[in-house]
Amino acid sequence: MTTDPIADMLIMIKNAGNASRDAILVPYSNIKQSIANCLLKEGYVKSVAKKSKSGFPTIEITLLYAGKVPRVNDVKRVSKPSRRMYMGVKDIRAYKSGHGMTVLSTPKGIMSDKDAKKEQVGGEVLFTIW
């Protein structure tokens with residue numbers, strides 16, 4: 001049993017990119033689907049689709065490459081099950097001078113730092129990606 005399924009999904013995306021894989025399958029959950037859609041919207045993955053493998057729902061994430069280099073270089077899980085981290089709207093800053101992104105869980109759903117700043121909402125900082 002995994003204790004942090006979000007971190008597992010993020011590391012699967014990073015490792016698959018480093019191994020030059022085309023796509024990955026992760027077990028389905030609503031929060032993972034929202035995170036994958038956020039990554040799709042911000043241009044970190046090519047496509048996201050819900051599939052059913054052996055009767056169990058999964059999410060197929062197709063990775064994006066710039067030449068032979070994966071778009072996802074690294075990820076860092078900020079808010080962990082052992083320690084939750086929150087950020088107010090005034091604390092939201094561009095990550096890695098705009099070359100990366102912070103993903104937050106807000107009352108309006110999962111969104112990137114730019115969208116959260118535009119919507120004027122803060123929330124739990126899930127992870128950073130670049």
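Through the Karplus equation 6.51 cos²θ - 1.76 cosθ + 1.60, θ set to phi - 60°, convert the phi angles of the range 54-69 into ³J(HN,Hα) values in whole Hz; use x for Gly and Pro.
These are the phi-based 3J(HN,Hα) values: 6, x, 9, x, 9, 10, 9, 10, 8, 7, 10, 10, 10, x, 10, 9 Hz.
Against the longest alpha carbon principal axis of the chain, how many degrees, from 0 to 90 and to the nearest 10, is the axis of helix 5-18 turned?
Long axis of 5-18 versus the principal axis of the chain: about 60 degrees.
Using Cα extents along the principal axes in Å as the read-out, say which of (i) 44, 34, 25; (ii) 70, 32, 25; (iii) 46, 40, 35 was calculated from these coordinates.
Correct label is (i).
When the accessible area of the chain is computed with all protein chains present and a 1.4 Å probe, what percentage of it is carbon and sulfur?
Carbon with sulfur: 53 percent of the solvent-accessible area.
Could you give the distance between the Cα centres of the range 3-26 and the range 62-81, to the whole Å?
Taking the Cα centre of each part, the range 3-26 and the range 62-81 sit 8 Å apart.
What does the highest-first list of 78-88, 11-21 look like by mean Cβ count within 10 Å?
11-21, 78-88
How much area per residue is accessible in the chain when the probe is 1.4 Å and only protein heavy atoms are counted (Å²)?
Normalised by residue count, the accessible surface of the chain is 58 Å².
May I ask which residue of G67, N37, G88 lies farthest towards the positive end of the charge dipole of the chain, with charges of +1 (Lys, Arg) and -1 (Asp, Glu) on Cβ and the Cα centre as origin?
Comparing the listed Cα positions along the dipole, G67 ranks first.
The values are calculated or read from the model by the stated rules, or taken from the named source; none is laboratory data. Values in this document were obtained by computation on a predicted structure and should not be read as measured data. Cβ coordinates were reconstructed from backbone atoms using ideal geometry, including for glycine residues, and neighbour counts include every protein chain displayed. Ligands, DNA and RNA are excluded from the accessible area calculation, which covers all protein heavy atoms including side chains. Shrake-Rupley method; radii C 1.70, N 1.55, O 1.52, S 1.80 Å.
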